[in-house]
Amino acid sequence: MKSDRCQHYGVDPSKLPRHVAIIMDGNGRWAKKRLMNRVNGHEKGSETVRLIVTLCRELGIEVLTLYAFSTENWSRPQAEVDALMGLLKRFIVSERESLKDQGIRLSAIGQKKRLPLDVRQEFDTTVAYTASNQGMCLNLALSYGGREEIAYAVRKIALKVKSRKLSPENITEKSVADYLYTSNIPDPDMIIRTGGEMRLSNFLLWQSAYSELFFTQTLWPDFTEQEFIEMVKDYQNRDRRFGKVLCSSNDGSQQQF
Ligand code: FPP
């Protein structure tokens, strides 16, 4: 099925990104342009979420991380925060069966404890309900901030040092990565930001070291499957060197060093 869908979209199944992460920006502007309430933009944005989740699953992407709510978003007007939490809860409940049927496992990164209790409970129910699915991981960044995540990891490492279970000279990049929320998922190969801004806004700061970045003017509610596919094709043509150089060998082929 994986290569069927890739073939249908003209995507090379052997060069798929394992992990795609998306900053879904532009809901408010989408609504404003239509003289609507910002919340209507978030509602329309939820429909785009459904489309892109299904597309990623069909293509065979392993992990899709969506920046649904940042640590900074708590400072938005209370009515908008409440509406976003309500929308999130509705999504988690209404998509429960569909996620299960599609073989998608739900997970989250961020300060889950800060979410309202009812949202947390519905979230935990869907996580448990989809836990055995192997098709794709839908990872929601909820009350997530990259700096907060790194501070959280440093606190945990400091406690290990304090209790003499870890010595400072043994702290490596791997040990830091092991204490991040993303310890069990690969770094994102692609990070997409819709809505025209060209910044990462505190998203996956550590994990984005070698991610390929994609920016589009398209507002999230207008983002389409076709545009996503075009980005994946662009990704497949990029030369990912991870700081190394490509050298030509005698037989004319290229080797990474
Ligand atoms: C940024 O747009 C978007 C958000 C802060 C929330 C994203 C939420 C959704 C897409 C819907 C709910 C999520 C799920 C997973 C069902 P913005 O409001 O900053 O837009 P603007 O820059 O145009 O004001």
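Key figures for this structure:
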quantity	calculated
Test for ILE109: is it touching a Phe, Trp or Tyr at 6+ places or on another chain (Cβ under 6 Å) and not charged (D, E, K, R)	yes
Candidates ILE61, ILE22 - the one that is in contact (Cβ under 8 Å) with a residue 60 or more places away in the chain and either assigned to a helix (DSSP H, G or I) or over 23 Å from SER143 (Cα atoms) (or both)	ILE61
One residue from LEU106, LEU99, LEU51, LEU55 being among the aliphatic types (A, V, I, L, M), closer than 25 Å to TYR9 by Cβ and not in a helix (DSSP H, G or I)	LEU106
Count - residues of segment 16-35 that are touching a Phe, Trp or Tyr at 6+ places or on another chain (Cβ under 8 Å) and either more than 10 Å from the ligand (Cβ to nearest atom) or among the β-branched types (Val, Ile, Thr) (or both)	4
Count of residues meeting criterion [under 14 Å from ASP118 (Cα atoms) and in contact with a Lys or Arg (Cβ under 9 Å, 6 or more places away or on another chain)] in segment 75-92	3
Criterion: within 12 Å of the ligand (Cβ to nearest atom), at pLDDT 95 or above, of a type outside the set (Phe, Trp, Tyr) and surrounded by 15 or more Cβ atoms within 10 Å (Cβ to Cβ) - qualifying residue of LEU59, LEU55, LEU51, LEU84	LEU84
Residue count for segment 153-207, restricted to those that are small (Gly, Ala, Ser) and closer than 30 Å to GLU225 by Cα	4
Residue within segment 17-24 that is within 19 Å of the chain's Cα centre (by Cα), surrounded by fewer than 18 Cβ atoms within 10 Å (Cβ to Cβ) and either more than 24 Å from GLY135 (Cα to Cα) or not acidic (Asp, Glu) (or both) present	yes
Extreme residue, nearest to the ligand (Cβ to nearest atom), among residues of segment 87-109 that are among the basic types (Lys, Arg) and over 20 Å from ASN73 (Cβ atoms)	ARG96
Any pair with Cβ under 6 angstrom, 6 or more apart, that starts in segment 132-157 at a residue that is without any contact (Cβ under 8 Å) to a residue 40 or more places away in the chain and ends at one that is in a loop (DSSP other than H, G, I, E, B)	ASN133/GLY103; ALA153/TYR179; ALA153/LEU180; LYS156/TYR179; ILE157/TYR179
Any hit, segment 199-221, residues being part of a helix (DSSP H, G or I) and more than 20 Å from LYS15 (Cβ to Cβ)	yes
Residue match in segment 38-45 (condition: within 28 Å of LEU213 (Cα to Cα), touching a Leu at 6+ places or on another chain (Cβ under 9 Å) and free of Cβ contacts under 8 Å to residues at least 24 places away in the same chain)	no
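Let's see how each residue does on (1) part of a helix (DSSP H, G or I); (2) farther than 27 Å from ALA151 by Cβ; (3) of a type outside the set (Ser, Thr, Tyr):
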| residue | (1), (2), (3) |
| --- | --- |
| GLU169 | yes, no, yes |
| VAL176 | yes, no, yes |
| THR182 | no, no, no |
| ILE192 | no, no, yes |
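The values are calculated or read from the model by the stated rules, or taken from the named source; none is laboratory data. Source: prediction; values computed, not measured. So basically every Cβ, Gly included, is an ideal-geometry build from the backbone, and we count neighbours across all protein chains shown.
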